[in-house]
Structures are given as structure tokens and as C-alpha cells.
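Everything on this sheet refers to the single structure shown next.
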Amino acid sequence: MFVICGPKLSICGFIISIWGIIMMGLLGVFFLIKSPLLLEDIPATKADFEERAKVDAIFQQSAYNCWVVAGVYVFVGLFSYFQMRMNSRQQYVVT
Amino acid sequence: MGSLFRSEEMTLAQLFLQSEAAYACVSELGELGLVQFRDLNPDVNAFQRKFVNEVRRCDEMERKLRFLEKEIRKAGIPIVDTGENPDAPPPREMIDLEATFEKLENEMKEVNTNQEALKRNFLELTELKHILRKTQSFFEEAEFHHQMQDPALAEESHALLLGDEERGGQPMRLGFVAGVINRERLPTFERMLWRACRGNVFLRQTEIETPLEDPVTGDQVHKCVFIIFFQGDQLKSRVKKICEGFRATLYPCPETPAERREMAIGVMTRIEDLQTVLNQTQDHRHRVLVSAAKNIRVWFIKARKIKAIYHTLNLFNLDVTQKCLIAECWCPVADLERIQLALRRGTEHSGSSVPSILNRMTTKQAPPTYHKTNKFTSAFQAIVDSYGVASYCEVNPAPFTIITFPFLFAVMFGDAGHGLIMALFGLWMVWREKQLMNQRKDDGTWAIFFGGRYIILLMGAFSIYTGFIYNDFFSKSLNIFGSSWSMANISDEDIEKYDMIELDPNVTSIYKPRSPYPFGLDPIWNMAENKITFLNSFKMKMSVILGVLQMSFGICLSLSNYRFFKDPVSSVSVFIPQLLFLLCIFGYMVAIIFYKWIAYDASISYKAPSLLITMINMFLFKFPESQDDYLYSGQKGFQIFLVLLAVACVPCMLFIKPYFAWRAHKSGKRTVRFGTVQMQVNGAAEDTAVIMDQDEGEMPPPPPEGVSGHKEEEEFDIGELLIYQAIHTIEFCLGCISHTASYLRLWALSLAHAQLSEVLWSMVLHIGLGFQGWVGAVVTTLVFPAFAVLTIAILLVMEGLSAFLHALRLHWVEFQSKFYKGEGHQFVPFSFEALMEDHN
């Protein structure tokens, strides 16, 4: 495996990924249970609010979106983790 | 008294050390690090002291070691840090050390000069080699041209080169010089040549591809080989001058190819020989440095310890008989046993038969302040100390700061999400304490964060708590227990009809009055339009309550000071009126805040009187007509009583203390008051300390700065005392009002923090969530890192710093001004450990 990120970037990526996985995972759950607080965050137009089913669908879509993001960050996190390992190994070889 | 509440009890002690045992004893004391020595000959300058020679020798040793260290670092050899801490070597070992360092340094210097000479030689030869190789091609080219071109053309070109005077003459003898010049100098060199010789020289150059090493600096330099053709001696000397000016090195270059070849072969063999010699020198140097690198840390420690010991010995007084040294030092009373033990050990080490004597002295001088801290409390003590070091045995605010500081910070930083991140960061630093301790010691910012790791951890933990109270989690509320408000009974028509619906808490189907949200703010407020209005009222009241509590606690602490310093007059005439004044005005305000919260529920809240108006009217003695506008019956009388009581406190603060002082003075008794315990800055009072049982006649005259305390008892000035008291009283009374207002920053900053995090959510993360379909996922993925980075940069670092500063101010000004003098001076013990840390 190649070393693409430096030690700092990979640590940064790793931390942000963990944060992203937890936060987006939870946010997805909250969208799924249709938290009224998140009403202003969903991409629904005024017309959508006429029909309850539409709003429900949008909530569900938002939940899936969040989990997709969380999934992406799982990969980013794994990648950063391996980069971190490679970097630390390199350091080990040098000193 | 080994607590953080007051500083350690200190005593001035006299040490009698046998001259032969003094060194060993001081060494032991240095390892112990509990003794602060006083300079007993302050008027003797540094060069006239007894051990100045030894200190100089140590300086010399350190210089040699630094030289060696520099060489080691330059050679890229790692210096092993074994963590070993050798004791200070006995004085006789110093000669051995000196000899070792001397030998090493000389060897190093010799090797360095040799190596430099060799390298210069090598450079010259390499340059010559390059010249021979490159010029070869020039000459070949020239010959080639000679053969190719017809004579007429050749003549033409020469003619052009040489100008008019030589036209038509016989073929000329062209002279040339060859040399090497720095590549960056070449363009100017060329132009200079052209101008100075009016274009009558011909310059050819090529670059040397491999960089050459400069023998002096060791840098890699790029150079060029050049060859200049010219005609005549005058031009030759001119060219040579220019070459010299440009630091070009000229080398002799034979004219015929055969000679050149021969020379090249000679140069090559010499280079090879030189290379082997150079390699050997390099190896030798490396070996020397590696062996030095193994020991250099230990040597440094030893040299520094010896130096510190002699430096300390210089502070001592010599006895008349020259048999013993006399030292004076401050030491904590609780540790006297350990100091005695160390002295005994030192005496044993030196093999002296006469024991060292430690003798306690009494003094009028203010002892230094010494708080025994550990790694947890030291950061909080540092917060207090940076305002002012506590006066000797004064109540130390640090133990209370441990709780109140992170708490007040958290009130301003109330967001559980941000608190969580901060707490995790702090936890990580505490967790990896040992590993992190040795890393990146020289990084200033990191050192600040790492030094405050326990503060950060606590601030984070408290912020999680206040975050749950405010129900803020990255500006969103969590509905953990289920909101007490319900929309179930509101008809769909109403919802469709109105943009906004008012939830009336008096309707039981909407609000369950007997079961409020169990912990913190009801999450429904996060959606309410009047959220800020509601929160402002709550947070402002909370700020005032916290402020009044902390200030009255501060005043109570001042009582502890008065009692400790046996000042009953102040506890009656200052403490009681101060507390009454604060409680009558702002304590009453806190009381009616609580009363209003309890006594008025939703059904009658519309007719509750405004607290602010009530308070203002209280001072104007203006009272409402109707009975409904009163908070409680008998309010009028009680409020008038409180105001009068508060006003009555002012003359008490003003006059009682001066009166008692005046009476005591009149009756001829010396007053024992807090003020007479002299608190002085270290430097000014250095030589005022006097052994109490010493004869009055032998007393040295106190310096002019130190007199005020003594004089006060002799010339009693009632006017001055009155003015002093008046200033303090006015300061306190006005302070009470302005400080209470100052606590409103708790509300202002927490509002700012909540709003900022809400803005960050809606401006950044909302963009991602606001896209329809799967595009939303893509955009959110891209936007989230921005959200994370901005959260850390703005909300955690920037807002955190501002909340930190405000919490700091609330402690320094609002809290500590009530009881803390902070006029002491720090106890700085003679300690090898601190010495080594300074050097790292």
C-alpha cells in the first residue's frame, strides 16, 4: 500500500471519520424516527407538506443519506487508519 | 498543615556547614529541593566571591560540552537519553571531568582542522579535474573549427574579436586562463568581463553537474568551469583581477593535449589517495563523537550540578575562623526533618566528623509563599499565581478554583457536543500523559494545552453537564425523557390555518403542569419562536444567582483570613457590614428571583410584577398602590428595612476600624492587625531580616522602602487611615454593583455560543441535508469535514478561549477581590530537578 497522506493529514482524517460515523449514524436514526426538530433541515418544499406521505418519504430519504455518508466515512476512516499505520511504520524504519 | 488552603508554614533557618562538608550537604539539599537560600553577601559582586574560580571552571566545562553537542548534532548522531540522573560528583572528580573534556575538545578541534584542510585540498583537486575534463572539449571544438573553417573566415572572426588595430596582422598568440566560479555569480562575472575588457575577451563556460561541498560551511554549492581567451599581458592582468574580485579560483592549465592528459592522470591518483585519507578521518571523527554522545547528557547534568552547588556556596557567609560556612535559608516547617536527614547524609558522604547544624531563626520579614501542589492542582495554582502570588498564609483561592473555574467556563460554553469533544481531548492528554510528557517539549502552544490538560478535561466534563441543562447538543436538543408539551389535542384545521400556534401552558391537554421535563430545558423550546426571550430571562437570573453566591462566598473566605491573622476588629467592622451590604441588596434580589419562580405558576404568571422594576423602586422608596403588584405581603416594610440596613453598613465599614485603631493607639498598646504583618517584595527586603534575639545595636538599618510598616506604629495618622478606609469602602460598595452586573457575561457568552453553533449548523451542515435525493448524501459527505473543522476552530478553540478568559476574569476580579491580597513572593527552592527542566 502506498503512503499518500502524511502523518498529520491521516490522523486528522481518522478523527473526522470517527466523528462523522457516530454523528451521521445518529442523525440518520433521528431522521428515521422523524424528529420534529429536524423538520427545518429536510429538503421539503411547501407543496410537500400538503401530503403526509411525501414528508415521510423525504424524512426516510434523509435518513438513508446520512447513513450513506456514515458509510463513506467508514471507508475514509479505514483508509486513514492504514495510512497512519504506514506512516508510523515508516517512522520506525527511519529512526 | 499540608493543605492547599493556606501556604506552608515557613521558617528562616541558619545552617552551619563545615567547609569540607558544605559541598556534599548542598548537593543533598539540591536533590531534595526544599530549601531556598538567601544571598548573604549581596554587596559583593560576582567576581569577588569565594568560589568564583570553580564557577568559571564549570562554565568552561559547559562551553566545551556545548561545542561537543553541536558537533554531535551536526554529524546527525542521536544523543541517548537514558533518563539517568547522576548525583553531583565530588569536587575532586571535577578535575577528571575537566581533563576528559579538554582532551575531547582538543581532539575534536584537531580532527576538524585536519578535515577542513583535507577537504579544501580535495575540492581543489576535484575542481581541477573538472577543468581539465571540460576544457578538453573546448580545445577540441576549437581545433575542429580551425580545420573546418577556411582561413579567411577565421581571420574575420578574430578580427572582429580583437578590434581594428590587429586587422590583417599575422595569426596571434591567444592566452587563456581557466578556473571555477559559483554558478550564481556567473552572469555578473560575464557582463563585468565584457565591459571591463571592452568585449576583447572570449569566455566559454559549462556547468559542473555534481554539486561540490564547501569545506568551511559544509554546504553543497553548484559551480561552473570557465575558460577565458584573451590577447596580451594587459588584458591578462585585467582578467585575473576580475577573477579575483569574483572569488573565482584559477587553475594552471597546460596548453598541449598531451600535458593535459598527463596532468589529469596525476590529479586522478591524488584524488583517490585523498579520498581514502578523508574516509579514515571521517571514521575516526565519527567514532569519537559516538562515544561522546553516549555520555554527553550525563556530563551535562554533572557539570550543571557542580556549577549550581558552587553558585549556591557563593551565597554563604564565611565564618571568621574559615572553618565553617554559614547559610540562611527559607524552608517549610513540615519538612525540617527531611532537611536534617539530608544534611546528615551530606556530612556522612564527605566523611566529616562534625555534624552540620540547622538552627531556626525568627524574623520580621515576610516568608515566601509555598503551596505544595501535584500535577492536578498545579495548573489551577498557576491560574491564581498569574494574578498574584498569595501573601504568606493567606487563604488560597486555588482549591475553590478547581470547581468554580471549569463550572463558570461551562456556563458560558454550554453545549454537550462541544464539551464532549473537549473532554475527550483532555482525557486523551491525561491518558497518554507519560508518553506525551517527553514529546515536543519545545512547542509553546502544545506546552500550554498540555499543562492545562486537567483543566481542559474538567471544562469539557462540566460543559457536557451544562449542555444537558441547556439541552444543547451541537445546537440541537435531545428529547430524552419526553417533552411535557403535547400537540396531540390541537386540531388539524388549526395547524393548517395558522403559521404559528401558541401553546398555552394553562391548558392541561397541551402542558402537563405537574410533571415538568425532569432534567434541563424542555426540548420543545428549541422549536419555539420565543426561545431566546425565554432563555435570556432564565440565563440572566442564573448568572446573577451564581455571581452573588460566589461573591458572598468570597466575603466569607475573608473572615477566615481575619480569624487566622487574629484581627477581630476587621471581622466585626469589615466582614459583617460587607456581607450584610451584599446580602441586603443582591442577596434579596436572588431571594425574590427564587420566590417568583416558586410562587407564580403559569395560571397567574401574567400578573407577576417585574423584578427589575421592584428592585429599582426599592431604592426609590416608590411602592405600588394596589396590593396585587406586591410579591408578598409586608414587602414594603421589609424592603425599606433592607435598604436602611445596607446604608447603615457603609458608615460601619468607614469608621469602626479607624476608631479602634485610634483608641488602641491612645491607650498605648500596639495593635496587632493584619496590616502590620509586613508583606514585601523579595528584592527590596532582602537584608531586613534580622534574628529576633540579636542585639538591637547590631541591627542593620532597614532600607527606605521597608520602613512604612514600622513607622506606622510610631506616627499614627488618623487621617491617612480614614482615607484608606474610605477608598476601600467605596471600592467595595461600587464593586458590589458593578461585579454583579459583570456576572451577566455568563448569560451573554452562553447566548453567543448557542447562537454561533446554531448559525454554523444552518449555514454549513444544513446545505448538505437540504439537497433532495441522493445528491444530498454526496454534498453532506463533502460538507461534513468543513462543519467539523469549523466547529473545532471557531466553537472550540476561539469560543473556548474567550470563555476561558471571561472565567479567568470572573475569578481574578469578581471573586478574588473579596478576600485575596496576592502580595506574597514565590518560594523558589534550590532544586536540581527544576534546574534540569530549565535547561531542557
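The values are calculated or read from the model by the stated rules, or taken from the named source; none is laboratory data. If you're wondering where the values come from, they're calculated on a predicted model, not measured in any experiment. Don't worry about glycine lacking a Cβ; one is built from the backbone with ideal geometry, like all the others, and counts go over all protein chains shown. The area values use the complete protein model at the heavy-atom level, side chains included, leaving out ligands, DNA and RNA. Shrake-Rupley method; radii C 1.70, N 1.55, O 1.52, S 1.80 Å.
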Just to compare against my own numbers: the Cα pair-distance distribution for segment B:1-79, 5 Å bins, whole % per bin, please. 3, 10, 10, 16, 16, 12, 10, 10, 8, 4, 1
Can you pull the one-decimal nm distance between simple spin-label points at B:MET798 and B:ALA528, each 7 Å off the Cα toward Cβ? 3.0 nm
How many square angstrom of accessible surface are buried between A and B, both sides summed, with a 1.4 Å probe and rounding to 100? 2200 Å²
Considering only DSSP states other than H, G, I, E and B, which GluC sites (Glu not before Pro) in segment B:483-530 qualify as loop sites with at most 16 other Cβ atoms within 10 Å? B:GLU502, B:GLU529
With equal scatterers on the alpha carbons only and no solvent term, can you work out the Debye log10 of I(q)/I(0) for segment B:444-515 at 0.13, 0.18 1/Å? -0.63, -0.88
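For B:LYS821, B:LYS657, what's the largest-to-smallest order of accessible area, 1.4 Å probe?
B:LYS821, B:LYS657
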At a Förster radius of 41 Å, what calculated FRET efficiency corresponds to the Cβ-Cβ distance of B:GLU102 and B:ILE271, to the nearest 0.05? 0.70
For B:ASP838 and B:MET500, compute 0.36 nm times the residue count separating them, minus their Cα-Cα distance, and round to one decimal in nm. 115.1 nm
Given charges at Cβ of Lys, Arg, Asp, Glu: chain B dipole, positive-most of B:GLN136, B:ALA292, B:MET527: B:MET527
Cleavage-rule hits, trypsin sites (Lys or Arg not before Pro), segment B:450-520, DSSP coil, Cβ neighbours within 10 Å at most 12: B:ARG514
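Using alpha-carbon pairs under 8 Å, 6+ residues apart, how would you state the relative contact order of segment A:16-89 in percent?
Values: 54 pairs, mean separation 35.7, N = 74.
Relative contact order, segment A:16-89: 48 percent.
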Under 5 Å, built H, 5+ apart or other chain: amide partners of B:LYS223: B:ARG183, B:ILE208, B:LEU212
With n ≥ 4 as the cut-off for DSSP H runs, can you work out [θ] at 222 nm for chain A, using -39500 (n - 2.57) per run divided by the number of residues, rounded to the nearest 500? -26500 deg cm²/dmol
Ranked by accessible surface with a 1.4 Å probe, highest first, in what order do B:HIS371, B:HIS728 come? B:HIS728, B:HIS371
Tell me the accessible surface of B:PHE830 in square angstrom (1.4 angstrom probe, heavy atoms of protein chains only), to the nearest ten. 30 Å²
In the P(r) worked out for chain B, what percent of Cα pairs fall beyond 35 Å? 71 percent
Output the Kirkwood hydrodynamic radius of segment A:16-89, Cα pairs only, in Å rounded to one decimal. 13.6 Å
Multiplying the sequence separation of B:LEU436 and B:ARG287 by 0.36 nm and subtracting their Cα-Cα distance, what value in nm do you get? 50.4 nm
Within a Cβ distance under 13 Å of B:HIS371, other residues only, what is the Lys/Arg minus Asp/Glu net charge? -2
Quick one: if the Förster radius is 22 Å, what FRET efficiency do B:ASN45 and B:ILE448 give, using the C-beta to C-beta distance and rounding to 0.05? 0.05
What nm value, rounded to one decimal, do you get for the distance between B:LYS372 and A:ALA57 when each label is placed 7 Å out toward the C-beta? 7.4 nm
Residues whose placed amide H lies under 5 Å from that of B:GLY33, excluding near-sequence neighbours: B:PHE832
Mean separation of Cα contacts under 8 Å (6+ apart) over length of chain B, as relative contact order %: 21 percent
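Only helical DSSP H runs with n ≥ 4 go in: add -39500 (n - 2.57) per run for chain B, normalise by residue count and round the 222 nm mean residue ellipticity to 500 deg cm²/dmol.
Here the helix-only value at 222 nm equals -18500 deg cm²/dmol.
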If I require 24 Å or longer along the helix axis, counting alpha carbons, and a Kyte-Doolittle average no lower than 1.0, what helices from chain B are left? Use full DSSP H segments. B:453-470
On the principal axes of its Cα set, how long, how wide and how thick is the protein assembly as shown? Give whole Å, largest value first. 133, 103, 55
To the nearest 20 debye, what is the magnitude of the charge dipole of the protein assembly as shown about its Cα centre, counting +1 on the Cβ of each Lys and Arg and -1 on the Cβ of each Asp and Glu? 800 debye
Figure the gain on full extension for B:PHE638 and B:PHE553 (residue separation times 0.36 nm, minus the Cα-Cα span) and round it to one decimal in nm. 28.2 nm
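I need the peptides B:625-635, B:100-110 ranked by packing, meaning the mean over residues of other C-beta atoms within 10 angstrom, with the highest value on top.
Averaged packing, sorted descending, gives the order B:100-110, B:625-635.
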Beyond 16 Å, what share of the Cα-Cα pairs of segment B:163-254 is found? Please give it as a whole percent. 56 percent
Leaving ligands, DNA and RNA out of it, work out the accessible area of B:ASP601 with a 1.4 Å probe and give it in Å² to the nearest 10. 80 Å²
For the full complex of protein chains and a 1.4 angstrom probe, list B:PHE771, B:PHE575 by accessible area with the highest value first. B:PHE771, B:PHE575
Please give me the summed charge of the neighbours of B:SER750: other residues whose Cβ is under 12 Å from its Cβ, Lys and Arg +1, Asp and Glu -1. -1
